[in-house]
Amino acid sequence: MILDTVTLQTLRVPLVTPFTTSFSTQTARTVLTVRVDARVNGVETTGWGECGALAEPVYSEEYAAGAADVIERFLLPRLAAASRDDRLTAETVGEVLEPIVGHRMAKAALEAAVLDAQLKASGLSFAAYLGATRTRVPSGVSVGIQDSIPRLLDTVAGYVDEGYQRIKLKIQPGWDVEPVRAVREAHPDVPLQVDANAAYTLVDAAHLRRLDAFDLLLIEQPLAEDDLRQHAELARVMTTPMCLDESVVSAASAADAIHLGAAAVINIKPSRVGGYLEARRIHDVARASGIAVWCGGMLETGLARGANAALAALPGFTLPGDISASSRFYAEDLTTPYVIDDGHIAVPTFPGLCEEPHADALARFGDAARVVSVA
Ligand code: SMG
Ligand code: MG
């Protein structure tokens, strides 16, 4: 692939309802978009990616403006050099950017845009490229921390009525056992799980064990990102399966977590781990070890929601992901919205990872696009 231009634009897309987790309340998604204009074997092609980083470094150390900076200052010059040396493909982006430490969400956005451009040039869908084995994936929904238990029950009932196949409740100290009990009593059979976003410590082990009473599919990231050993210790005293999100940033860290007994289940977020190709490697590692995986979300717009669905259509994704309809977060998506149909999201069949975003949505939600010369 020969890179011609790369365009960065930061959008602020309002959420239909505030989304509260143990670390923040989001009312809009700040999303850095990456557009790549390139040629593959002389064929002009365009690809799009979005960056998983939030506006502030509260989920991980990355944030949208920082991602734009590292892309422009350090990542793009390396991609441009690889392009000039004629060794740039989606499959080489990872190794070309490897000398830059961390910044996985920034790298993932670039890899996605290059991959989208490459697949569009060859007319191949992302699902076909990955070897996906399903045409639709079960849809789960992540439910934020609410003001009261009655409001939580209303919210959950609405999602169950929409057909969501699995409910994930965000928890934090002071909002855990009682809300989970209330939802379990109202929906005795719904597949239910919880996500703490690292809000607890091992001192809370006895309290967290009370969640074992509610037949949860899993507990996601109760402890800090670097507490692998402590997650293993907590896993030994709980019957609820331990699932890691923030702690798993690569296939190597997934292998470590599995080996230590810190993860019986892994949430695979392509952005968190540096891109879809590393995400697939984690799927492969987990599958070889008999560890279940599911696809997590970072409130993706239509630029990445369908690609997540394609990833989740690989055979090792045996639990429903945080892949809900566009309407879960957005009144207006950047592309044709993804819809929930019979509890599922269809895996896209168009070439590449995403549709071209609607120009009017980019104009309405975005700041001035910045074209970065890569020649
Ligand atoms: O995209 O459906 C989605 C969001 C799923 O809960 C979700 N993501 O820790 O898993 C997680 C959170 C991270 C983002 S919170 C702003
Ligand atoms: Mg999580």
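The values are calculated or read from the model by the stated rules, or taken from the named source; none is laboratory data. Since we're looking at a predicted model, the values are computed, not measured. Don't worry about glycine lacking a Cβ; one is built from the backbone with ideal geometry, like all the others, and counts go over all protein chains shown. In case anyone asks, the SASA skips ligands and DNA or RNA and just uses the protein heavy atoms, side chains included. Shrake-Rupley method; radii C 1.70, N 1.55, O 1.52, S 1.80 Å.
Quick notes on this one:
- When region 1-44 is filtered for residues that are among the hydrophobic types (A, V, I, L, M, F, W, C) and without any contact (Cβ under 8 Å) to a residue 60 or more places away in the chain, only 28 remains.
- The set of residues from region 173-201 being closer than 20 Å to residue 269 by Cβ and within 16 Å of ligand 2 (Cβ to nearest atom) comprises 193, 194, 195, 196, 197, 198, 199.
- Matching option when the condition is away from ligand 2 (no atom under 16 Å from the Cβ), part of a helix (DSSP H, G or I), surrounded by 15 or more Cβ atoms within 10 Å (Cβ to Cβ) and touching a residue at least 24 places away in the same chain (Cβ under 8 Å), among 204, 212: 204
- Residue in region 260-275 that is part of a helix (DSSP H, G or I) and more than 16 Å from ligand 2 (Cβ to nearest atom) present: yes
- Residues located in region 215-232, provided they are away from ligand 1 (no atom under 13 Å from the Cβ) and open to solvent by 70 Å² or more (accessible area, probe 1.4 Å): 215, 226, 229
Each row is one residue, and each column tells you yes or no for (1) part of a loop (DSSP other than H, G, I, E, B); (2) among the aromatic types (Phe, Trp, Tyr); (3) within 30 Å of residue 180 (Cβ to Cβ).
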{"residue": "79", "(1), (2), (3)": "no, no, no"}
{"residue": "82", "(1), (2), (3)": "no, no, no"}
{"residue": "93", "(1), (2), (3)": "no, no, no"}
{"residue": "100", "(1), (2), (3)": "yes, no, no"}
{"residue": "128", "(1), (2), (3)": "no, no, no"}
{"residue": "133", "(1), (2), (3)": "yes, no, no"}
{"residue": "152", "(1), (2), (3)": "no, no, yes"}
{"residue": "155", "(1), (2), (3)": "no, no, yes"}
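- Close pairs from region 50-70: first under 24 Å from residue 220 (Cα atoms), partner within 15 Å of ligand 2 (Cβ to nearest atom) and of a type in the set (Phe, Trp, Tyr), Cβ under 9 Å, at least 6 apart: 52/59; 53/59; 58/23; 59/23
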